[in-house]
Each structure stands twice: as C-alpha cells, then as structure tokens.
Amino acid sequence: MIKLGLLGKHLGHSLSPKIHKLLFKELKIQGSYDLFQEEEKNVHAFIERISKENLGINVTIPYKIKSISSLDWISKEAKKIGAVNTIFFNNGKKYGYNTDYFGFSRLLEYNNIEIYNKKVVVLGAGGAARAIITCVKDLKAKDIIIVARNIEKATSQLGSLINKNIKVISFNDFEKGNIEAKKDGEIVINCTPVGMFPNVDESPVSDNVIRNYEVFVDLIYNPIETKFLKKARILGKKSVNGMFMLVTQGIASEEIWLNRKIENNIIEKISKKLNDKINIVLIGMPGCGKSFLGEKLAGKLKMEFIDCDKYLENREEKSISELFEIGEEYFRNIETKYIREISLKENIVISTGGGVVKSPENMKLLKKNGIVIFINRPLKKIIEDIDTKSRPLLLEGKEKLYNLYKERLDLYESYSDYIIENKNSVDEVLNDIINIMDK
Ligand code: NAP
C-alpha cells in the first residue's frame with residue numbers, strides 16, 4: 001500500500017483525491033491519497049513528519065515556494081520556476097519537482113499546439129504562470145507577452161524569468177492593441193482565476209481580443225468551458241481547458257513516485273471521467289446487446305439515451321435497409337452526419353450501429369466527449385439470437401457475421417476505452433459498466 005497526499009491550506013474542493021483514486025484503479029495498485037490542510041507555521045514540521053510515513057506528497061497554494069526550504073534537492077524545472085508541487089521521499093531524503101510544467105507541456109503536445117517560434121500571450125503572473133512561462137521559454141517561443149493588472153508587482157514576482165524576449169504589459173494596453181502581439185500573436189493562455197466557478201460570467205479579455213488570436217488555453221477546469229473558451233470556440237478558434245493539465249500534473253507526480261511511465265490513454269480516460277458531462281458510447285457487433293443495454297444503463301444512471309440507428313431512421317424517414325440499398329458509402333456518410341450532431345450532446349448514453357468503427361471520423365467525434373465501451377458478446381450467442389431480416393449486411397445469412405467479426409474486431413478493440421464481456425446476466429453487465437464509469 002503506497003501512501004500519498006496533498007499539502008495545502010484550503011483543500012475542500014480539490015479534485016486530486018479523485019484523480020489519484022482513478023489512477024490506482026487503472027493501474028491496479030493499492031494506494032491512499034489524503035488531504036493535509038496545514039497552517040503556514042507548521043509546514044516545515046509537517047513535511048519532516050510525513051516524510052517518514054509517505055512515499056510522497058503534492059504541494060499546492062500557498063506552499064509551493066515555502067516548502068522548498070524543507071527539501072534536500074530540487075529538479076531543474078522547479079529551480080527555474082521557483083516552486084515545487086511534488087515531493088518524493090526516498091532513503092531519508094526529500095526531492096522536489098514541478099509537474100505543472102510537465103502537465104502543461106503534455107497538454108500542448110496532446111492538443112497539437114506548436115509553441116516553437118510563435119508569439120505567446122500569458123494572462124496573469126502568479127504561481128501557475130511561472131510554470132507556463134518557463135515551459136514556453138523552453139519550447140522556444142519567439143516572444144512572450146505577459147499581461148498583468150499590476151505591472152510592477154508582476155515584474156518583481158517573475159524576477160529572473162524575464163528576459164529580452166519577454167514583455168510585461170497591462171490589460172488596458174492589451175485590450176487597446178498597443179502591442180505587436182496583437183498583429184501576430186497566435187496563442188493566449190489564461191493563468192488568472194477570472195472565469196472560474198462561481199464567477200462563470202467573467203472573462204479575462206474582451207471578445208475583440210479573442211477575434212485576433214488563433215489558439216486559446218485556459219488553465220481553469222471548473223467550469224469545463226469558461227466564458228473565455230466558449231467565445232473562442234464560437235468564433236471557430238482552437239480552445240483547450242485545464243482538465244488535461246490537471247490530470248497530467250497529478251499523473252506526472254505518480255510517474256516520479258512509482259518510477260514508471262503512464263500512458264496518455266490513461267490520462268485521457270481519467271480526464272474524461274472528471275467531466276460530468278461525459279457521454280457513454282457503446283460499440284460492438286450487431287446483436288451484441290448495445291441498444292438493449294444502453295437503454296437500461298441510461299435508465300439506471302438517469303441519462304438520456306440515443307440509439308444512433310433509430311435517430312438516423314427518424315431523421316431520414318427511411319429504414320436502415322432502405323438507406324443501405326442506395327449503397328453502403330451513402331449510408332456511412334449519412335451516419336457520420338448524424339454522429340456529428342449526436343456527439344455535440346452531453347451526458348447521454350449512445351448506442352451505435354455495428355459498423356460505426358469503419359469510419360475514423362465517426363470515432364473521433366464520439367471519443368472527443370465520450371468514454372467508448374466495446375460490448376463483446378460471444379459470436380456463438382449472437383448467431384443463436386440474431387434476427388437477420390432487419391440487418392442489411394446479414395441478409396445473405398448468419399455466416400456473414402464471422403466475416404464482419406474478423407473484419408471489425410481489431411477496430412472495436414482499438415477504439416474502445418474499455419471492453420465489457422457480455423456473457424453474464426444483464427444486471428451484471430450493467431454493474432460492470434457502472435463500476436468502470438465510477439458512477
Ligand atoms: P495565483 O498564484 O494566485 O496567481 C493568479 C494570477 O492571476 C496573478 O497574477 C493575479 O494578479 C492574476 N489575477 C487574479 N485576479 C485577476 C483579475 N481579476 N484580473 C486580472 N488578473 C487577475 O494563482 P495560480 O496558482 O497561478 O492559479 C491561477 C489559475 O490557474 C487558477 O484558476 C488555478 O485554478 C489555475 N491552475 C490550473 C492548473 C491545472 O492543472 N489546470 C494548475 C495550476 C493553476 P495579482 O498578482 O495582481 O493578484
């Protein structure tokens with residue numbers, strides 16, 4: 001059993017225990033992650049005591065700087081940033097790291113956001129901004145513009161992080177466009193708490209500013225889409241929230257403590273599970289029970305249910321067989337059109353057509369906001385039960401199922417986040433799904 005936790009002052013709303021609990025489950029390891037709220041005067045003594053009990057701890061506001069004096073060693077990044085958020089206890093020594101830096105660089109990589117030779121605007125100059133500025137400097141941004149409400153305070157706080165390629169300007173100047181960045185700055189990163197719950201109607205910059213840039217990252221993860229990001233999305237810009245970074249910085253801490261690499265697909269699954277608007281998408285062979293299970297699952301979880309085939313039939317006012325008669329390609333294009341529509345919905349259970357996995361576009365749309373579950377039912381059972389008359393691809397006979405299974409199995413497996421064996425009773429299968437979704 002490994003013992004971990006988070007040290008901070010006010011931790012009531014921390015998502016960290018949930019992130020680490022989900023990770024322990026994914027990695028099948030026994031672990032605990034506790035919250036430690038301490039007064040500033042006790043921080044040093046606390047770190048000394050916990051170093052004898054725990055494998056490590058995370059550190060958050062306001063102790064990311066203060067805790068450095070308790071440590072024997074700090075990493076290169078932590079030194080540059082001037083703050084730690086992860087402490088590893090090993091052989092009587094205390095090692096400090098800053099995984100916000102790695103969380104942010106993996107967020108950029110995951111979302112294909114290129115920093116090299118770009119102009120980057122950072123809103124805010126606090127603790128998180130320090131990690132972000134260090135990261136974009138290391139990634140060789142051409143120029144970095146820091147926008148702060150108090151230029152002197154920000155300049156003195158950032159100290160040695162500022163060099164000739166970094167300018168600090170006021171929000172007023174930024175809004176007025178009195179800077180070169182307005183012409184060709186491509187990326188804006190919000191490192192202020194403006195727009196965070198409960199002040200969800202606030203945005204750190206006006207719509208005019210948003211029109212002039214291409215990519216928007218908000219470190220805020222509650223709400224999932226801030227006003228700032230929503231505006232950017234509506235204007236057709238790339239917009240990314242802070243959830244992936246939050247999860248990744250936690251996972252990067254675990255990588256240090258456990259001395260192992262944790263794959264991006266695990267980070268992706270955990271990030272999605274923390275988003276309570278997530279969809280559950282069931283894929284699998286015709287006759288595997290997707291529609292039946294989907295409807296029951298939605299009922300149990302009090303979520304809306306959409307059967308893609310029925311949705312498509314209603315919208316087109318034609319049956320699947322009639323649409324297939326026109327041609328499979330025609331059918332697949334229509335299927336993608338409606339999957340695009342369905343995937344914009346939130347917090348729903350979706351049962352898909354058996355061939356949905358044949359289109360990478362379909363799966364990209366469904367995976368963006370959904371956990372994909374492959375319902376794997378033994379082929380023998382499907383063949384026993386299936387009614388082939390209503391299934392256009394099976395009109396030639398049940399033997400066709402063997403070919404479809406061979407053709408699609410790899411696709412079902414590779415697109416799924418989880419595989420559920422549909423061998424037992426309906427209740428057991430539903431419980432298995434509810435269990436992996438942590439509902
Ligand atoms: P912080 O150290 O308190 O810094 C906040 C910064 O925002 C300061 O520069 C502050 O300026 C500025 N600011 C605050 N209110 C403002 C306003 N109304 N208008 C303009 N500027 C304002 O906080 P932090 O640790 O950097 O965190 C900042 C945000 O990032 C928070 O929302 C936090 O939840 C988020 N965050 C997310 C992750 C993640 O993993 N996704 C990680 C770290 C932080 P002054 O100095 O003038 O007050």
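The values are calculated or read from the model by the stated rules, or taken from the named source; none is laboratory data. Small disclaimer: the values here were computed from a predicted structure and weren't measured. Note that we place each Cβ from the backbone using ideal geometry, even for glycine, and neighbour counts take in every protein chain shown. What goes into the accessible areas is simple: the full protein's heavy atoms, side chains included, and nothing from ligands, DNA or RNA. Shrake-Rupley method; radii C 1.70, N 1.55, O 1.52, S 1.80 Å.
Observations, loosely collected:
- Restricting the range 112-132 to residues that are touching a helix residue (DSSP H, G or I) at 6+ places or on another chain (Cβ under 6 Å) and under 22 Å from residue 177 (Cβ atoms) leaves a set whose member that is surrounded by the fewest Cβ atoms within 10 Å (Cβ to Cβ) is 119.
- Residue pairs whose Cβ atoms lie under 7 Å apart, sitting 6 or more positions apart in sequence or on different chains, and linking a residue in the range 256-272 that is open to solvent by less than 40 Å² (accessible area, probe 1.4 Å) to a partner that is assigned to a loop (DSSP other than H, G, I, E, B) and at pLDDT 95 or above, are 257/55.
- Some residue of the range 218-225 being more than 22 Å from residue 370 (Cα to Cα) and modelled with pLDDT under 95: no
- Residue satisfying all of: in the range 96-151; away from the ligand (no atom under 14 Å from the Cβ) and of a type in the set (Ser, Thr, Tyr); farthest from residue 209 (Cα to Cα) among these: 97
- Residue 67 meets all of the listed conditions (1) in contact (Cβ under 8 Å) with a residue 40 or more places away in the chain; (2) under 30 Å from residue 174 (Cα atoms) but one, namely (2).
- Within the range 219-233, residues that are farther than 19 Å from residue 344 by Cβ and in a loop (DSSP other than H, G, I, E, B) have Cβ atoms under 8 Å from residues that are small (Gly, Ala, Ser) and within 12 Å of the ligand (Cβ to nearest atom) in these pairs: 219/128; 219/242; 220/195; 220/242; 221/242, counting only partners at least 6 apart in sequence or on another chain.
- Matching residues in the range 273-290 - criterion: being open to solvent by 10 Å² or more (accessible area, probe 1.4 Å), more than 26 Å from residue 108 (Cα to Cα) and either among the acidic types (Asp, Glu) or not in a loop (DSSP other than H, G, I, E, B) (or both): 290
- Verdict on residue 93 being more than 19 Å from residue 7 (Cα to Cα) and either surrounded by fewer than 22 Cβ atoms within 10 Å (Cβ to Cβ) or polar (S, T, N, Q) (or both): no
- Residues that are assigned to a helix (DSSP H, G or I) and out of contact with any Phe, Trp or Tyr (no Cβ under 9 Å at 6 or more places or on another chain), drawn from the range 297-324: 300, 301, 309, 310, 313, 314, 321, 322
- No other residue among 247, 200 is assigned to a helix (DSSP H, G or I), open to solvent by less than 60 Å² (accessible area, probe 1.4 Å), at pLDDT 90 or above and within 13 Å of the ligand (Cβ to nearest atom) apart from 247.
- Considering 398, 423, the condition of being touching a Ser or Thr at 6+ places or on another chain (Cβ under 7 Å) and not in a helix (DSSP H, G or I) is satisfied by 398 alone.
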